[in-house]
Amino acid sequence: FSDEEFSNILNDFPALKRNINGKRLVYLDNAASTLKCKSVIEKMTDFYLYHYSNIHRAVHTLASEATVAYEQAREKVANFLNASSEEIIFTSGTTMGINFLVNSLAKSGILKTEDTVLISQVEHHANLVPWVRLSKFYGFKVAYITADEKGVITNESILKTKESIPNPKVVSITGQSNVTGQEMPIELIRETFKNATLIVDGAQLVPHKKVDVKKLDVDFLVFSGHKILGPTGIGVLYGKKALLEQLEPFLYGGEMIDKVTFEDVTFNVLPYRFEAGTQHITGAVGLGYTIDYLESIGFEKVEKHVEELSNYLLEKMMELDFVEVYGPIDSSHKSLVSFNVKGVHPHDVSHILDENFGVATRSGHHCAQPLMGVLAKGSKIDFPNSTVRASVYLYNTKEDIDVLIEGLKYIRRWFE
Ligand code: PMP
């Protein structure tokens, strides 16, 4: 970004003007949720106040304006992912998208008792709990691509898994880990498990990497609006049309039907058959505005900016000899770093960073409890079963990272 472009971006996020405990806010909790953009919120407010109505149901002017805005948002998402509109289903977020898929694949008989679903040891609970729980009801098996002691999924591990599980029915994998920051080798996974239905959890990947669903040849991709500057409570499920057509809906109710009798129902066409009930209309419209915003500043510039900051963050963290960093130490490590300060609990680290430096980070198990067990085994410290995580996005700067580093050095001195 030029200086002028970047100063405009900073102005788009009023939260950045806040003082936190007397310090400028340094927001490094983007992997949990990003800050919101003023112009998007203003447009959403205008939509709510002047154009809002329920969609698809009435013939009056507001209903038609709201329907057009909602369907335009679907088109924007479709273009963003290089998909077609009927392949885009609005959900409430990544979690719902994966629950939808597990249920629908099993109910439709695509996923059978004798089948194996392959996931990895670094999955967020959203891409683990639904598989593990529903395997108990439907009988399919869940297997894992194992991570090494740093929580890294290596190419060797993927290829080795193929030897013991040559033909998983489904492979469901995160595009990028929310704990180790590793961007997964999706191309290799696609190539290795050619016949599997490939699901990508794009919650962390989509915000900073242009995902072309055709090029990647993924069968399903899910992500959340709130991690890409958009509203909370809206998400996207992309599915290849031919596959969506075979799926039994997850939710039943209004709008998703064609004909209903007392005895049975037939379903609406794609994508409506998967959007039962009144949707988060303004959320979807807001996600569309968010995509407009990202495209207006240039998504490739967002990618480049986050990449530069990611490299700087990892490099600076690696210089600290009192810190243990998790995840790969190479360019596959993107947008976030999870770490521990030796001898200090992550909650204390996060708390002091907020209190003394205005730095927002996250501490905890990051909804990846089994992965904490893996990291504990490889850890050289008394691993507290949780980590601190700093994550960057569009509006962060190298100075933000410098403040984090300064804070960590302060914590080190304090606890010495
Ligand atoms: N998967 C990953 C990799 C995530 O980081 C998250 C959010 N932390 C989720 C899934 C769940 O997203 P949501 O809570 O928006 O459904």
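Things worth noting here:
- Computed from label points 7 Å out along Cα-Cβ, the spacing between Lys214 and Arg57 is 3.6 nm.
- Environment charge of Phe357, counting only residues whose C-beta is closer than 9 Å and scoring Lys/Arg +1, Asp/Glu -1: -2
- The reciprocal of the average 1/r between distinct C-alpha atoms defines the Kirkwood hydrodynamic radius, which for region 268-359 equals 17.1 Å.
- Rel. contact order, % - alpha carbon contacts under 8 angstrom, at least six apart, the chain: 22
- With a threshold of 25 Å on the Cα-Cα distance, the over-threshold entries among Lys169/Lys304; Lys227/Lys334; Lys215/Lys334 are Lys169/Lys304.
- Lys380-Leu188 pseudo-label distance in nm [points 7 Å out on the Cα-to-Cβ vector]: 2.5
- Beta bridges assigned by DSSP with both partners in region 133-274 are antiparallel in approximately 55 percent of cases.
- Estimated from the Cβ-Cβ distance and a Förster radius of 41 angstrom, the FRET efficiency linking Asp148 and Thr113 is about 0.80.
- Per-residue 3J(HN,Hα) values for region 267-278, derived from phi via the Karplus relation 6.51 cos²θ - 1.76 cosθ + 1.60 with θ = phi - 60°, read 9, 5, 6, 5, x, 5, 5, 9, 10, 6, x, 6 Hz in sequence order (x marks Gly and Pro).
- Pairs from Lys160/Lys240; Lys160/Lys342; Lys141/Lys259; Lys112/Lys160; Lys160/Lys209 whose Cα-Cα separation, in the structure shown, is over 30 Å: Lys160/Lys342; Lys141/Lys259
- Note on region 363-380 and region 84-126: Cα centroid distance 24 Å, given to the nearest whole angstrom.
- Computed from the C-beta positions of Ser296 and Lys241 and an R0 of 35 Å, the FRET efficiency is 0.75 to the nearest 0.05.
- Measuring against 26 Å, Cα to Cα, the residue pairs Lys162/Lys214; Lys43/Lys210; Lys17/Lys150 contain Lys17/Lys150 as the ones spanning a longer distance.
- Distant-in-sequence amide H partners of Val142 (H built 1.01 Å from N, under 5 Å): Val117
- Note, ³J(HN,Hα) from phi for region 27-44, Karplus 6.51, -1.76, 1.60, rounded to Hz, x at Gly and Pro: 8, 10, 10, 5, 5, 7, 5, 8, 5, 9, 9, 4, 5, 5, 5, 5, 5, 5
- Once backbone amide H atoms are built at 1.01 Å from N, Leu198 has Val171, Asp219, Phe220 as its partners under 5 Å, excluding neighbours fewer than 5 places away on the same chain.
- Part-to-part distance (alpha-carbon centres) for region 1-73 and region 147-185, which is given in Å: 35
- For the chain, the calculated P(r), taken from all Cα-Cα distances in 10 Å bins from zero up to the bin holding the longest distance, is 5, 21, 30, 25, 14, 4, 1, 0 percent.
- Placed amide H near Asp29: partners under 5 Å, 5+ positions off or other chain: Ser391
- Under the combined filter of DSSP loop state and at most 16 neighbouring Cβ atoms within 10 Å, region 62-171 retains these GluC sites (Glu not before Pro): Glu114, Glu149.
- Region 264-372, relative contact order in percent, only Cα pairs under 8 angstrom and at least six apart counted: 14
- The packing ranking of peptides 260-271, 332-343, highest mean first, is 332-343, 260-271, where packing means the average number of other beta carbon atoms within 10 angstrom of each residue.
- Listed values for region 92-101 are Karplus-derived 3J(HN,Hα) couplings in whole Hz (6.51 cos²θ - 1.76 cosθ + 1.60, θ = phi - 60°), namely 8, x, 4, 4, 5, x, 6, 4, 4, 5, and x replaces Gly and Pro.
- Contact order relative to length of region 323-367, as percent, for alpha carbon pairs under 8 angstrom and 6 or more apart: 28
Each value in this text was obtained by applying a stated rule to the coordinates, not by laboratory testing. Just so we're clear, the structure is a prediction, and the values are computed from it rather than from any experiment. Positions of Cβ are generated from backbone atoms using ideal geometry, with glycine treated the same way; all protein chains shown enter the neighbour counts.
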